[in-house]
Amino acid sequence: MLLAGITRAPSTPWRFTNSVKLFGQGAVSRHKPANYSIPFLAVNLVTCLILAGCATVPLVLPEPKDGPGAPVDTGSIPDAIPKVEPITRIGNKSPYTVFGKTYFVLPSSKDYREQGVASWYGKKFHGRKTSNGEVYDMYAMTAAHKTLPIPTYVRVTHTGNKRSIIVRINDRGPFHGPRIIDLSYVAALKLGFADNGTADVLVETIDLSGSLDRPVAAAKPETVAKDQPETGPIIPPLNQGRYLQVGAFDQLQQAQLLQKKIRGYTSHPILVQQRDLLYKVWIGPISDQLELQLIKQVLKKSVDISGFMVDH
């Protein structure tokens, strides 16, 4: 068997005869063969191959966490300051579909209240445009929501540590799992769950018509004078069709209070009808089955009201 540069004499070990540099050993003269055995050569050959491979294979580093490396002084970052803003056309397309699921933007944020899981997003999206065309700032008190109008101001309360913040909705999401709101990095930091990634929270819209310190859920129904109905006279349905009945009362004032309470959860007319000695609250007419199911889900989750369909 012949190998380039290697000869074997009878009854002698393999010898390396060419002048080759071997890791600082100097040149090996072809006239004075060095006694390098095959195991020694094999080890050096493998080492060369490993070093050559390291020079061509890129170094893969683990992806950093979705947050900044430098610490943030949350005490210097104030909550969002609620103010009356017009609903923008950009970012409020309804319905819209993401990952095969269709969402309907609520016509109003009034009296919205929901408890669920919050998450946050940071440097991966920092500097990118939000759903309404603004630039996302991970150090601003903002958030993303799937169905609340843009912009909307909400109070987010960590149900574990009871911390509370106010953020401005200017983006859509989150669209992964059962999460109900996606906070900016600094908002999650102020609530105390940036390291954990998620937290159980209570989300309530800010009522700009009253005190910011008054929780939406704590608002008490006002007494409506019989001779001054707040929502106007009883109006029969103008169109034939199917209606969602969400309440029936023996007093007109009770029906009108419910009418006012759910007005922000649908763009359909909400009517009070007097039938069979009762005042009934109807929503509609509703012809689209998907929209009907969405309205029922929103009412059940937000104000714990169920309904059933009636024909007119």
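List of remarks:
- Looking only at segment 150-203, residues that are charged (D, E, K, R), under 14 Å from the mean Cα position of the chain (by Cα) and not in a strand (DSSP E or B) come to 1 in all.
- Scanning segment 256-283 for residues that are touching a Ser or Thr at 6+ places or on another chain (Cβ under 8 Å) and outside any helix (DSSP H, G or I) returns V272, I283.
Residue-wise test of (1) touching a Phe, Trp or Tyr at 6+ places or on another chain (Cβ under 6 Å); (2) buried (at least 18 other Cβ atoms within 10 Å of the Cβ).
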{"residue": "T102", "(1), (2)": "no, no"}
{"residue": "V105", "(1), (2)": "no, yes"}
{"residue": "S108", "(1), (2)": "no, no"}
{"residue": "D111", "(1), (2)": "no, yes"}
{"residue": "S119", "(1), (2)": "no, yes"}
{"residue": "F125", "(1), (2)": "yes, yes"}
{"residue": "K129", "(1), (2)": "no, no"}
{"residue": "D137", "(1), (2)": "no, no"}
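- Meets criteria (assigned to a loop (DSSP other than H, G, I, E, B), among the β-branched types (V, I, T) and farther than 21 Å from G122 by Cβ) for T147: yes
- Taking the listed residues T231, T266, the one that is at pLDDT below 85, crowded, with 20+ Cβ neighbours inside 10 Å and either out of contact with any helix residue (DSSP H, G or I) (no Cβ under 9 Å at 6 or more places or on another chain) or not aliphatic (A, V, I, L, M) (or both) is T266, with no other qualifying.
- Check on L257, in contact with a Pro (Cβ under 6 Å, 6 or more places away or on another chain) and either among the β-branched types (V, I, T) or farther than 17 Å from T102 by Cα (or both): yes
The values are calculated or read from the model by the stated rules, or taken from the named source; none is laboratory data. The shown structure was predicted, so the numbers you read here are calculated from the model rather than taken from an experiment. For neighbour counting, all protein chains shown are included, and Cβ atoms are generated from backbone atoms with ideal geometry for every residue, glycine included.
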